[in-house]
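Read the structure below first, then the notes.
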Amino acid sequence: MGEIIRECIGLIEFSSIAKGIEAADAMLKASAVELVLNRTICSGKYIVMVTGDVAAVTSSVQDGERTAAEAVIDTFIIPNVHPSIFPALTATNVVKNLDAMGVLESFGVASLIEGADAAVKAADIELLEIRIAMALGGKAFVTMTGEVSAVTAAVDAGAEVISRQGLLVNKIVIPRPRPEIVREIL
């Protein structure tokens, strides 16, 4: 198998851990995709995220949905995903300057990642971290930085995407946050 192209991501959130594991296996067998996330999340749910070319990810997600249809909570496919999504998921983005900080908070994992992708595509910002539903009661949030106007535009764009699904908890922009706040969050 050749190198996987990371142009697209697909995610399925499941209400059943067992069905999530079964669907993950089916997703990986369906097409040439790379596993990005495959784990339990609060509160007793399971997520699987894959990456690859659009056709492979689409096939993989469709197979996962068929395998565990009764346990699917939410799903997405993002073609042309912004490359900064990957290091933000693992909190490995290195940020040199922290001017303003924006935060988007969602009740759902899928909507939050879609919002983060929209935010980073909307303005010249850097994603800091995408934190997914671990010790968060099933919620998720993304942090970002840049100039105040860019962070405001990015937060608004991401919030619009999350709000379409009725899952936006809150959004904020903090100009020049105190270093103690940033250290504790990241």
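Annotations
- Alpha-carbon centroids, region 97-134 and region 44-85: separation in whole Å: 19 Å
- Taking Cα centre as origin and charging only the Cβ of basic (Lys, Arg, +1) and acidic (Asp, Glu, -1) residues, the dipole magnitude of region 85-185 rounds to 180 debye.
- Theoretical ellipticity at 222 nm over the chain - DSSP helices of four or more residues, -39500 (n - 2.57) apiece, nearest 500: -12000 deg cm²/dmol
- Charges were assigned to the Cβ only: +1 to each Lys and Arg, -1 to each Asp and Glu. The resulting dipole of the chain about its Cα centre is roughly 400 debye.
- Between the listed residues Phe14, Gly115, Ser60, the Cα displaced farthest toward the positive end of the dipole of region 1-135, a dipole computed from Cβ unit charges relative to the Cα centre, is found at Phe14.
- Sequence-distant residues sharing a close amide H with Gly138 (under 5 Å, placed H): Cys42, Ser43
- Amide H contacts of Ile5 (H built 1.01 Å from N, in plane; Pro and chain starts excluded): Asp53 sit under 5 Å, all sequence-distant by 5 or more or on other chains.
- Region 85-185: relative contact order as a whole-number percent, Cα under 8 Å and 6+ apart: 38 percent
- Peptides 78-84, 103-109 ordered by packing proxy, namely the average of other Cβ atoms within 10 Å per residue, highest first: 103-109, 78-84.
- Placing +1 on the Cβ of every Lys and Arg and -1 on the Cβ of every Asp and Glu, with no other charges, gives region 8-79 a dipole of roughly 140 debye about its Cα centre.
We did not get these values from a lab; they are worked out from the coordinates using the rules stated. This structure is a prediction, so every number in the text was calculated from the model and none was measured. When we count neighbours, we look across all protein chains shown, and the Cβ atoms used for this are built from the backbone with ideal geometry, even at glycine.
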